[in-house]
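Step one of this worksheet: look at the structure below.
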Amino acid sequence: MKRAIVLLFLAGFVFLACSPSKLNEAPNTNSDYYNEEYRPQFHFSPDSMWMNDPNGMVYLDGEYHLFYQYYPDSNVWGPMHWGHAVSPDMVKWQHLPIALFPDELGYIFSGSAVYDKENTSGLGTKENPPLVAIYTYHDMAGEKAGTNTYQTQGIASSTDQGRTWKKYEGNPVIPNPGIRDFRDPKVIWHEESKQWVMVFAAANQVKFYGSPDLKNWSFLSDYGIESGAHGGVWECPDLLKMELNGETKWVLLVSINPGAPNGGSGTQYFIGDFDGKTFTNDYDEALTKWIDFGRDNYAGVTWSNVPKSDSRTLFLGWMSNWDYATVVPTYKWRSAMTVPRALSLEEVEGDVILVSKPVAELVTLENIKRAIEPQTITTEFSEISLDDELLKITLEIELGDAERILIQFKNDKDEMAELAYNIKSNSFLFSRDQSGDMAFSDKFVGVQSSPRLQKGNLGLEIYLDRSSIEIFADGGKTNITNLVFSTEPFNSMHISTSKGQAKLISGSSTSLKSIWR
Ligand code: FRU
């Protein structure tokens, strides 16, 4: 008996010591914490195990909630849960216990969350309105049995700031009519038609549904069968109300896998109108616009319930690609999110594009800022030393008569990631073909190409973290997000031209602090 009590006590101690909420509490003074090889230092990653898409992003009472596709038992994809973290600023994160677990209706796939301020759902009270999560159930048994109806939409509610959740007893709220890929609901309040509007992916298009109460949904319309890219299945849509020159525009984000411009997973968007029923594209349906031309920005969606005083459209993507996500060389955990980005519409070179800028809150991570000397860029490379592993680099370049400008990030092991800008074709090439650890997948290598969406002098803002490079050109008009597993930090930047001369008008490299220690 005594032994049993001692064992119980010991088991309890081990449980407490290992329970995720204990392990993950911030701030953490342990220097080993989040310090493994390749562990992102200023990007969100789970403490351990598998993560994919951001889910349920909603702001409430000073907290940005981030839920995410999570499998707590392995570092590869498996039965999906919603992991959970909160942040005061989208930059520093605190891990919280898992929010949603699989149940008899299935795994919990991607979805969104809203603040039901008027308690339209009746799942809270007038005094304490609920957060409502809207997600996809994926019934594995149904899939294995060969049915087409294994994905349905369900909801859950929380009246304690997302800490605990109760699944709705009337689930699923949208049953499946026989479409195999039927998932990833994003819900918004559509003020003009005074209803909740859900957009979700259904095979090669999206479906819009409307509801007065988040529980009863009716079909509104389909969109996209003839629009944009169709090299793979459509996933994780979002519908954004935005502004261009004082006019309302609706932007539809649609992730697609495979079929991205540089292979595998990517996110396209459409700009047009949404009248409470139907989305109409302002542009040629055949045209495809991409939010990012790198390989590692997928399934990104925006925060809901951002305060009116903050008019930003705030976005976060999963910084990986289904081509190799499950085999990247990290073991304790897998995957990170991109840096948070503010989206806006801008007219550029006679077109309208969705611009992504790193959020201003990232400035809080800035540490030592070093100026990079203005200089002529010639065919002889100039070497700029990079004095930190975590950096924000800015470069303003006058093109001169250069043909191609080359920017290489290097370390002492001759590992390298490079960005080339070709002035004549106004396009970029990005290569990580000699960037360090690449052996885990054939699909990780291959030169990436990207149009540059603005002409003229080139402005670059580049974020280097341990295992990623995010390039924002011309104030976020062209973006290239990539994972890079260099086995040592890049400690120098080489800038040169292939022919002719350009000028570095100004530049800086600013060291950034880790968000985890
Ligand atoms: C996108 C996705 C979603 C799905 C989830 C499953 O990466 O395939 O369509 O809901 O991942 O984890």
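So is Asp222 more than 30 Å from Val447 (Cβ to Cβ), in a loop (DSSP other than H, G, I, E, B) and in the same structural domain as Ser320 (by TED's automatic domain parsing) or not? No, not satisfied. Take the residues of region 253-292 that are among the aromatic types (Phe, Trp, Tyr) and open to solvent by less than 20 Å² (accessible area, probe 1.4 Å): which is farthest from the ligand (Cβ to nearest atom)? Restricting to residues being among the aromatic types (Phe, Trp, Tyr) and open to solvent by less than 20 Å² (accessible area, probe 1.4 Å), the top hit is Phe274.
Across region 307-320, a minimum of one residue is classified as without any contact (Cβ under 8 Å) to a residue 60 or more places away in the chain, assigned to a strand (DSSP E or B), crowded, with 24+ Cβ neighbours inside 10 Å and outside the structural domain of Asn479 (by TED's automatic domain parsing). Filtered by the rule that a residue be out of contact with any His (no Cβ under 9 Å at 6 or more places or on another chain), touching a residue at least 40 places away in the same chain (Cβ under 8 Å) and within 16 Å of the ligand (Cβ to nearest atom), region 123-166 gives Ala133, Ile134, Tyr135, Thr136, His138, Met140, Gln153, Gly154, Ile155, Ala156. The condition of being within 18 Å of the chain's Cα centre (by Cα) and either of a type in the set (A, V, I, L, M) or in the same structural domain as Asn422 (by TED's automatic domain parsing) (or both) holds for only one of Ser486, Ser508, Ser468, Ser498, that being Ser468. Of the residues making up region 179-226, those that are under 14 Å from Thr120 (Cα atoms) and among the polar types (S, T, N, Q) are Gln195, Ser211, Asn216. Just one of the listed residues (Lys207, Lys241) is away from the ligand (no atom under 12 Å from the Cβ), open to solvent by 50 Å² or more (accessible area, probe 1.4 Å), part of a strand (DSSP E or B) and closer than 26 Å to Asp284 by Cβ, namely Lys241. Taking the condition farther than 29 Å from Ser48 by Cβ, within 14 Å of the ligand (Cβ to nearest atom) and among the β-branched types (Val, Ile, Thr), does Thr120 pass? Against the criterion (farther than 29 Å from Ser48 by Cβ, within 14 Å of the ligand (Cβ to nearest atom) and among the β-branched types (Val, Ile, Thr)), Thr120 does not qualify. The residue that is most open to solvent (accessible area, probe 1.4 Å), among those in region 167-202 that are of a type in the set (D, E, K, R) and away from the ligand (no atom under 16 Å from the Cβ), is Glu169. Could you pull out every one of the strands (runs of 3 or more DSSP E) wholly within region 406-517 that has 1 or more residues that are in contact with a Pro (Cβ under 9 Å, 6 or more places away or on another chain) and either open to solvent by 10 Å² or more (accessible area, probe 1.4 Å) or without any contact (Cβ under 8 Å) to a residue 60 or more places away in the chain (or both)? Filter on region 406-517 gives 427-434, 448-451, 458-465, 502-512.
Scanning region 376-399 for residues that are in contact with a Lys or Arg (Cβ under 9 Å, 6 or more places away or on another chain), under 18 Å from Gly456 (Cα atoms) and not acidic (Asp, Glu) returns Thr376, Ile377, Ile397, Leu399.
Quick one: would you say Ala342 is buried (at least 23 other Cβ atoms within 10 Å of the Cβ) and touching a Phe, Trp or Tyr at 6+ places or on another chain (Cβ under 8 Å)? So Ala342 does not fit the description; no.
The values are calculated or read from the model by the stated rules, or taken from the named source; none is laboratory data. Owing to the predicted nature of the structure, the values given are computational and were not obtained by experimental measurement. Cβ coordinates were reconstructed from backbone atoms using ideal geometry, including for glycine residues, and neighbour counts include every protein chain displayed. With ligands, DNA and RNA removed, areas are computed over all heavy atoms of the protein, side chains included. Shrake-Rupley method; radii C 1.70, N 1.55, O 1.52, S 1.80 Å.
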